[in-house]
Amino acid sequence: MTIPTDRHRSPAEETLDAITADSGEQSLSLPGTFALWLGANVVVTTILTGMLLVPALDFATAMMIVASGSALGILPLVLIGVMGQRTGLTTMVLARATFGRIGAGVPAWVNLLALIAWSWIQARLAGMSLDYAISELTGYSNLALFTVICEALVVLVVLGGHRGIERVEKIAAVLMLVLALIVAWALGSHYDMANLLSAPAQGGISLSGAFDIVIATAFSWIPLAADYNRHCRSTRVAALGTWSGYVSATLIAMGLGGAVSGLAMALGREPTYDPTQLLSGFGFGLPAAMVIFFSVLTTNVMCVYSATLSYMSTRSRSGFRRPALIIGVLTVLGAMIPGILEEFQTFLLIIGSVFIPAFSLMIVDYYLLGEQGLRYSTKCLLQTDQLPAINPVALLAYLLGATLAYYWNWVSPLAMGASLPVFVVTGLLYWIGMSISGRRKAI
């Protein structure tokens, strides 16, 4: 008798294994879930967001906005993550119940492209940190080469599946917490922190604009929610671990970014999007560069893994390895785009524009329209023959929501920001449309 191994699996079987999690794979504990989302978000891009807020706002006000915006903005991610835990399915497979078996391809491809673009920024930052570290040690600098090396490591971790990613995220969480403590100690030892707390705001970002940036940062993680939380042991673990891990992470990372940026500006240093340059000015650039490199690498692992799952949700016979490799190559190419880091804030708003409408519909469909039954069963979502090809109400509501996001962000910006209004209005339009059409009882 031949014992089956991974080598004998067909691409279709490989795809099915990747997008489903049975009860035996739901082993992620509360500390593990907390560490997963803490490690994913105590990262340099979140630090950069804090650098956007200070000194445009005073430090205390910025931290109040970070706390409230994170606590509120993470709730949609928690809700999508709970859906994943209950069904054992990835985010884009769950989208089939809302958009239809073919219509779900729209948010899946949008998600795929957005995550690839997000990975460009992550790969660039990881390459910069590794280049800085190697240059400090040996004098050799080659940003392009180190970016390729970083992304090769990302793909290797991704190919190890969710268990490997969970182990790496736990290590990242510990390292980033250590870094945060070191930075806090160094700043407190060398500078009068009272100056940071008393420094006036310099302007450039309104309170509502800052709140919207924090909300958009939280919303940018929604597509990954079910991909990872489907492995949680219980609904409680998924909800509490995600909320506490993310909120803790943003307070630490954005607080760190705001403190370093505010002090750097107070000392007359030039602002920079390379955090290793700022941190080196405080005396510990090399160890900071290595930890930042590792943290960005682990975050990019999550992006590439979820981008691969999004593609697999549209191609049931694609397999897992080949798409992961191709997405890794695309990430390296995009990381070489000149000036990509200078568009970081704009990119956060673009992500919100394309993500928010899709997940608003999914949350309304699952929690408010009472459709947790047949359409969200594993059998229905995987076989799909019991689902309609397209839900026109969902696609129309999504297009209207994305249009509103574009209009309220760039044509006629709202004073309060666009993220929350788009989320609420899109969900309301979908709820009204489904109620009028009677489609919610179609299955």
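Computed from the coordinates by the stated procedures, all read-outs in this text should not be read as laboratory data. Note that the coordinates shown come from a computational prediction; the quantities given were computed from them, not determined experimentally. Methodologically, a virtual Cβ is constructed for each residue, glycine included, from the backbone with ideal geometry; neighbour enumeration extends over all protein chains shown.
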Open item on the list: Taking amide H atoms as placed 1.01 Å from N in the peptide plane, list the residues 5 or more away in sequence, or in a different chain, whose amide H sits under 5 Å from that of N391.
Closed with: G100, G103
TODO: Subtracting the Cα-Cα distance from 0.36 nm times the residue separation, let me have the gained length for L428 to D385 in nm, one decimal.
DONE: 12.6 nm
Task: Cα gyration tensor shape for the stretch 73-117, rounded if a/c is under 1.5, else prolate or oblate - done: oblate
Open item on the list: Sort 358-369, 41-52 by the packing proxy (mean of other Cβ within 10 Å over each peptide's residues), most packed first.
Closed with: 41-52, 358-369
Task: Given charges at Cβ of Lys, Arg, Asp, Glu: the stretch 37-175 dipole, positive-most of A133, G164, W120 - done: G164
TODO: Hey, can you grab everything whose amide H is under 5 Å from the amide H of V43? Only 5+ residues off in sequence or another chain; H modelled, so Pro and N-termini drop out.
DONE: none
Open item on the list: Placing unit charges on C-beta atoms (Lys and Arg positive, Asp and Glu negative, everything else neutral), compute the dipole magnitude of the stretch 133-259 about its Cα centre in debye, rounded to 20.
Closed with: 520
Task: Gyration tensor (alpha-carbon) shape descriptor, the stretch 50-158, a/c threshold 1.5 - done: oblate
Open item on the list: Cβ neighbours within 10 Å, averaged per peptide: list 211-218, 123-130 in order, most packed at the top.
Closed with: 123-130, 211-218
Task: Inter-probe distance in nm under a simple model that places probes 7 Å from Cα toward Cβ, at R163 and W410 - done: 4.5
TODO: Would you grab the residues whose amide H sits under 5 Å from the one on C232? Only those 5+ places off in sequence or on another chain, please, with H modelled 1.01 Å from N.
DONE: L28
- [ ] Calculate the spin-label point distance for L369 paired with I436, positioning each point 7 Å from the Cα along the beta-carbon direction, and give it in nanometres.
- [x] 1.4
